[in-house]
Amino acid sequence: MSENEKKPLVDEREREKLLAILEDAQGKLGYLPEGFIANTAHSLGLSISEIYGVSTFYSFLSTRPLGKNVIRICKSVPCYLKNSRMIIESIQKELGITPGETTPDGRFSFELTNCIGACDKAPAMLVNDDVHGTLTPDKIPEVLRACV
Ligand code: FES
């Protein structure tokens, strides 16, 4: 390795192991608290910034508490070309929050994400684990009302 090449912060095997740990914690805790990140860094011999970097890179991981219902709107090009911007605006209008925020009652968090594998139903979004596709702004209130 030349001096100009940088060693990756986390190599591929470490990254896979780390991702599994982070996904497990995200599932159990709902997000990745600072203390968890610090403890994980210590136990794996990595820096906190390495763990934090991985935690913030993947849109399905969160370093802050999320609402009961997490809405993730696809921001990738195929959905964009099918007017995902209008869906984003409709969600903002209905919930009164912007991407990256949670409603004050903790009922909804609103996130943007990369492709969720539902391009044939663009524009698409996830509500927790459920895919909603072929969205139009007028469908949004109904989808949100169905969230308990
Ligand atoms: S690009 Fe939006 S679901 Fe694939």
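If you go through segment 119-148, how many residues are under 16 Å from the mean Cα position of the chain (by Cα), within 9 Å of the ligand (Cβ to nearest atom) and not in a strand (DSSP E or B)?
Residues meeting the conditions: 1.
Within segment 69-92, count every residue that is in contact with a strand residue (DSSP E or B) (Cβ under 7 Å, 6 or more places away or on another chain) and hydroxyl-bearing (Ser, Thr, Tyr).
Result for segment 69-92: 1.
Here is a check on your reading of the model: is Pro78 over 17 Å from the mean Cα position of the chain (by Cα) and in contact (Cβ under 8 Å) with a residue 12 or more places away in the chain?
Yes; evaluated as a whole, the condition is true for this residue.
Just to be sure, is Ile71 outside any helix (DSSP H, G or I), out of contact with any Leu (no Cβ under 6 Å at 6 or more places or on another chain), open to solvent by less than 60 Å² (accessible area, probe 1.4 Å) and free of Cβ contacts under 8 Å to residues at least 24 places away in the same chain?
no
Condition first: closer than 12 Å to Val70 by Cβ, open to solvent by 20 Å² or more (accessible area, probe 1.4 Å) and within 16 Å of the ligand (Cβ to nearest atom). Now tell me which residues in segment 99-115 satisfy that.
Answer for segment 99-115, where residues must be closer than 12 Å to Val70 by Cβ, open to solvent by 20 Å² or more (accessible area, probe 1.4 Å) and within 16 Å of the ligand (Cβ to nearest atom): Pro99, Glu111, Leu112.
The values are calculated or read from the model by the stated rules, or taken from the named source; none is laboratory data. A quick note: this is a predicted structure, and the numbers were derived from the prediction, not measured. Note: ideal-geometry Cβ built from the backbone for every residue, glycine included; neighbour counts use all protein chains shown. All accessible areas refer to the heavy atoms of the entire protein, side chains included, with ligands and DNA or RNA removed. Shrake-Rupley method; radii C 1.70, N 1.55, O 1.52, S 1.80 Å.
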